[in-house]
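Notes for the one structure printed next.
The values are calculated or read from the model by the stated rules, or taken from the named source; none is laboratory data. Quantities reported herein were computed from a predicted structural model and do not represent experimental measurements. Ideal geometry is used to build each Cβ from the backbone, glycine not excepted, and the neighbour counts take in all protein chains shown.
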Amino acid sequence: MQISVDEITRMQEECVARWHLEPISNAYAVNGSVESLLAIACQQHQFNYQLWHEEDIARSPDVSDSQIATVKRNIDRFNQARNDWIERIDDWITADLSQLSVTPHDGARLNTETPGSAMDRLSIMSLRIYHLVEQLSRDDADDAHFEKVNHRLAICRLQRQDLAQSLKELLEDIHAGTKRHRTYRQMKMYNDPTLNPYLYQRKQLA
């Protein structure tokens, strides 16, 4: 199946804008099932969206300690889900390559990051760009602020363009067999009660 990076970046941009106006939903799921690459990428993007806004709350000086504790747990949960769904993206690509009978050539090399990780970075970039554009609507900021924001926006848009192009080229190489693809498991330890020393040692003392 042809993977359209342009379609993915467009989905990310449109979802960020829509989710700021209405409840979060995955418009690409079919009867609640997240199967297509676009639906999986949308779900992964959703966790980045939720993570971004929890991070904003965590940095507010007006938030109580008890609220911070709740926010911190939300951040851990969304970050774990975000990484789990990066793997889901890469697993989908692995299955698609198998269905297409694509095998890497002898000597084909791995990239430094997977397509799923690149889509995650594009997701975050879409959030950053949205919130920078939002800054341009403020009526309590001066010209220096707007100049700084516009400078950062130009850099972010260039970086997103470069990253999207690099992802297109990586996917082309993978499908041509000149690059290998592999899902890299994040293996986060902090949420696992059998691997986080604080959690399992505390349980032993209970």
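For this structure, a couple of remarks:
- In the set (1) modelled with pLDDT of 95 or more; (2) closer than 23 Å to ARG82 by Cα; (3) among the polar types (S, T, N, Q), the condition left unmet by ASN191 is number (1).
- Here GLU7 does not qualify as of a type in the set (Asp, Glu) and either in contact with a His (Cβ under 9 Å, 6 or more places away or on another chain) or buried (at least 17 other Cβ atoms within 10 Å of the Cβ) (or both).
- Pairs meeting the criteria (first residue in the range 147-165 and touching a residue at least 60 places away in the same chain (Cβ under 8 Å), second residue in a helix (DSSP H, G or I) and surrounded by fewer than 16 Cβ atoms within 10 Å (Cβ to Cβ), beta carbons under 8 Å, at least 6 apart or on different chains) are ALA164/ASP6.
- In the range 1-52, residue farthest from the chain's Cα centre (by Cα) [restricted to those that are farther than 21 Å from ARG160 by Cα and not in a loop (DSSP other than H, G, I, E, B)]: VAL30
- Selection count, the range 134-155, where residues are among the hydrophobic types (A, V, I, L, M, F, W, C) and surrounded by 15 or more Cβ atoms within 10 Å (Cβ to Cβ): 2
- Within the range 91-132, the set of residues being in contact with a Lys or Arg (Cβ under 8 Å, 6 or more places away or on another chain) and part of a helix (DSSP H, G or I) comprises THR94, GLY116, ASP120, LEU122, MET125, SER126, ILE129, LEU132.
- Residue match in the range 33-50 (condition: in contact with a helix residue (DSSP H, G or I) (Cβ under 9 Å, 6 or more places away or on another chain) and acidic (Asp, Glu)): yes
- Where a residue in the range 45-66 is over 29 Å from SER117 (Cα atoms) and in contact (Cβ under 8 Å) with a residue 60 or more places away in the chain and its partner, wherever it lies, is surrounded by 14 or more Cβ atoms within 10 Å (Cβ to Cβ) and among the hydrophobic types (A, V, I, L, M, F, W, C), with Cβ under 8 Å and at least six apart: none
- In the range 111-134, the residues that are closer than 14 Å to CYS15 by Cβ reach residues that are of a type outside the set (A, V, I, L, M, F, W, C) and not in a helix (DSSP H, G or I) with C-beta atoms within less than 8 angstrom, at least six apart or across chains, in these pairs: TYR130/HIS20.
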